[in-house]
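Trainee: I have a structure here, written as structure tokens, and I will follow up with some questions on it.
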Amino acid sequence: MLTLDEFTIQQLKRFPNATGELSGLLRDIGLAAKRVNVEVNKAGLADILGDTGGMNVQGEEVKKLDVYANTHFTEVLQRGISCAGVGSEEMDDYIAFEDDVSRQSKYVCLIDPLDGSSNIDVNISIGTIFGVYRRVSERGTAATQADFLQKGRSQIAAGYIIYGSSTMLVYATRRGVNGFTLDPSIGEFCLSHPDIQCPAQGMIYSVNHGNFFSYGEGVRRYIDQCQQKAPRDGGPYTQRYSGSMVADMHRNLLKGGIFLYPGTTGKPNGKLRLLYECNPFAFILEVAGGVATDGHQPILDIQPSTLHQRTPFFAGSREMMAELHAWMHN
Ligand code: AHG
Ligand code: MN
Ligand code: MN
Ligand code: MN
């Protein structure tokens with residue numbers, strides 16, 4: 001079975017003009033993921049559970065593992081030769097790496113270092129999400145804000161790590177989506193899920209039902225309809241929602257399904273962050289044949305204006321998304 005490194009090198013060989021910088025970047029992300037995985041696995045034994053006592057820029061309580069993951073991913077990317085800077089959920093502003101090698105680097109990364117913070121202390125799957133962009137600023141200079149505020153459609157690659165019953169790294173380029181499972185016996189991510197396609201139709205919907213009465217009417221109608229669908233039409237759909245976007249999206253990507261994080265009356269843009277949560281998943285899903293929108297337009301077409309902006313997020317199997325839009329807009 002191919003390791004992540006072998007796979008990216010194999011891809012590289014097919015494109016004679018490629019420089020190997022993206023392979024290097026993915027290798028770096030794989031390395032950081034392995035380090036975070038070790039900590040996640042012994043959470044409860046090491047003093048790594050619980051809050052730091054601090055708040056992040058979005059007003060959320062920061063967990064120790066949020067900080068640990070943010071530090072590891074940022075440091076590994078800084079030490080590598082492919083990344084000129086990082087924007088992260090856990091940092092108020094982006095960081096442009098100042099050393100000469102980083103200033104020459106081709107890419108910038110946006111990351112959610114630890115997704116599913118509320119699940120850390122209770123041993124439910126958590127994850128990491130990342131998006132990779134070719135910088136628009138000149139190489140040789142420090143990365144700029146414009147490098148980070150590109151439309152999701154410009155992503156060169158996007159992916160996630162799920163620290164679950166097994167640990168997986170899934171990443172997409174325009175050529176396809178591939179999943180790698182960490183083999184603990186050799187400490188390598190190995191290609192276990194080649195060429196992932198999202199089924200056009202699924203039976204699962206994932207939404208926080210607790211917020212039902214503050215969703216818009218169209219979303220409420222759609223959710224009702226998930227429950228009322230007759231068995232002959234494949235219903236009723238099964239509801240699955242863990243509070244870890246990575247876990248919910250991973251399941252729906254493989255099995256087919258739909259994930260909703262709508263705006264609410266109090267928070268019209270919902271909760272999820274465009275740059276490092278929604279864009280990477282929208283990219284992965286589109287490459288896999290699925291659809292991701294804010295209810296009106298493709299997520300990947302939104303022009304970002306700030307690093308931590310939020311957006312309503314609807315994503316999943318193509319036919320389920322068409323049905324959702326029909327209920328929302330008719
Ligand atoms: P994070 O832990 O990175 O802040 O993200 C948590 C997100 C996402 O993973 C999940 O789908 C969502 O928050 C759950 O929010 P609710 O508890 O409001 O449903
Ligand atoms: Mn958070
Ligand atoms: Mn998150
Ligand atoms: Mn997070």
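Trainee: Under a point-charge model restricted to the Cβ atoms of Lys and Arg (+1) and Asp and Glu (-1), what is the dipole moment magnitude of the range 1-124 relative to its Cα centre, in debye to the nearest 20?
Mentor: Numbers: 11 positive and 21 negative charges, 152 e Å.
The calculation lands at about 740 debye.
Trainee: Cβ neighbours within 10 Å, averaged per peptide: list 107-120, 69-82 in order, most packed at the top. All intermediate terms of the calculation are to be shown ahead of the outcome.
Mentor: Numbers: 107-120: 24.9, 69-82: 21.0.
By packing density, highest mean first, the sequence is 107-120, 69-82.
Trainee: How big is the dipole moment of the range 260-315 about its Cα centre under a simple scheme where the beta carbon of each Lys and Arg is +1, that of each Asp and Glu is -1, and everything else is neutral? Debye, nearest 20, please.
Mentor: Dipole of the range 260-315, to the nearest 20 debye: 260 debye.
Trainee: Output the peptides 165-176, 228-239 sorted from most to least packed, where packing is the average of other Cβ atoms within 10 Å over each peptide's residues.
Mentor: 165-176, 228-239
Trainee: Need one number: % antiparallel among DSSP beta bridges in the range 46-121, to the nearest 5. Can you show the working numbers first?
Mentor: Values: 4 of 8 bridges.
Percent antiparallel among DSSP bridges in the range 46-121 is about 50.
Trainee: Compute the Cα gyration tensor for the range 286-330, then decide on rounded, prolate or oblate, letting a ≥ b ≥ c be the square roots of its eigenvalues: rounded whenever a/c is under 1.5, prolate when a/b is larger than b/c in the other cases, and oblate in all that remain.
Mentor: oblate
Trainee: Ok, one more. Once you have the Cα-Cα distance between residue 197 and residue 71, take 0.36 nm times their residue separation minus that, and quote the gain in nm to one decimal.
Mentor: On the way: separation 126, 0.36 × 126 = 45.36 nm, distance 3.27 nm.
The span from residue 197 to residue 71 would gain 42.1 nm if fully extended.
Trainee: Net charge near residue 2, counting Lys/Arg +1 and Asp/Glu -1 over other residues with Cβ under 12 Å of its Cβ?
Mentor: -4
Trainee: Have a look at the DSSP beta bridges in the range 165-294 and tell me what percent are antiparallel, nearest 5.
Mentor: 75 percent
Trainee: Also, I was wondering about something else. Select from 43, 59, 26 the residue farthest towards the positive end of the dipole of the range 1-125; place +1 on Cβ of Lys and Arg, -1 on Cβ of Asp and Glu, and compute about the Cα centre.
Mentor: Checking the options against the dipole of the range 1-125, the answer is 26.
Trainee: Using only the alpha-carbon atoms, how far is helix 64-79 inclined from the longest principal axis of the chain? Give it as 0 to 90 degrees, nearest 10.
Mentor: Helix 64-79 and the main axis of the chain meet at about 40 degrees.
Trainee: Using alpha carbons only, how many angstrom separate the centre of the range 132-191 from the centre of the range 269-330?
Mentor: The range 132-191 and the range 269-330 have Cα centres spaced 18 Å from each other.
Trainee: About the Cα centre of the chain, what is the dipole size in debye to 20, counting +1 per Lys and Arg Cβ and -1 per Asp and Glu Cβ, all else neutral?
Mentor: For this selection, approximately 880 debye.
Trainee: Mind sorting 100, 28, 195, 183 by how few other Cβ atoms lie within 10 Å of their own Cβ, fewest first?
Mentor: 100, 195, 183, 28
Trainee: Need the full-extension length gain, residue 309 to residue 156, defined as separation in residues times 0.36 nm minus the C-alpha distance. One decimal, nm.
Mentor: Details: separation 153, 0.36 × 153 = 55.08 nm, distance 2.09 nm.
Difference between extended and current length: 53.0 nm.
Trainee: Using θ = phi - 60° and the Karplus relation 6.51 cos²θ - 1.76 cosθ + 1.60, list the HN-Hα couplings for the range 95-109 in order, rounded to whole Hz, with x at every Gly or Pro.
Mentor: In residue order, the calculated couplings are 10, 9, 5, 9, 6, 4, 5, 5, 5, 7, 6, 8, 10, 10, 10 Hz.
Trainee: Using helices alone, what [θ] at 222 nm do you get for the chain, with -39,500 (n - 2.57) per DSSP H run of 4 or more residues, divided over all residues and rounded to the nearest 500? Could the numbers behind the result be given before it?
Mentor: Details: 9 runs with 99 residues, N = 330.
-9000 deg cm²/dmol, from helical runs alone.
Trainee: Same structure, new question: How would the range 8-134 be classified by its alpha-carbon gyration tensor: rounded, prolate or oblate, with rounded meaning a/c under 1.5 and the a/b versus b/c comparison settling the rest? Present the calculation step by step, with values, prior to reporting the outcome.
Mentor: On the way: a/c = 2.57, a/b = 1.70, b/c = 1.52.
Since a/c reaches 1.5 and a/b is larger than b/c, the shape of the range 8-134 is classed as prolate.
Values quoted throughout were computed directly from the atomic coordinates according to the rules given, and no laboratory measurement underlies them. Quantities reported herein were computed from a predicted structural model and do not represent experimental measurements. Quick reminder, even Gly has a Cβ in these numbers, built from the backbone with ideal geometry, and neighbours come from all protein chains shown.
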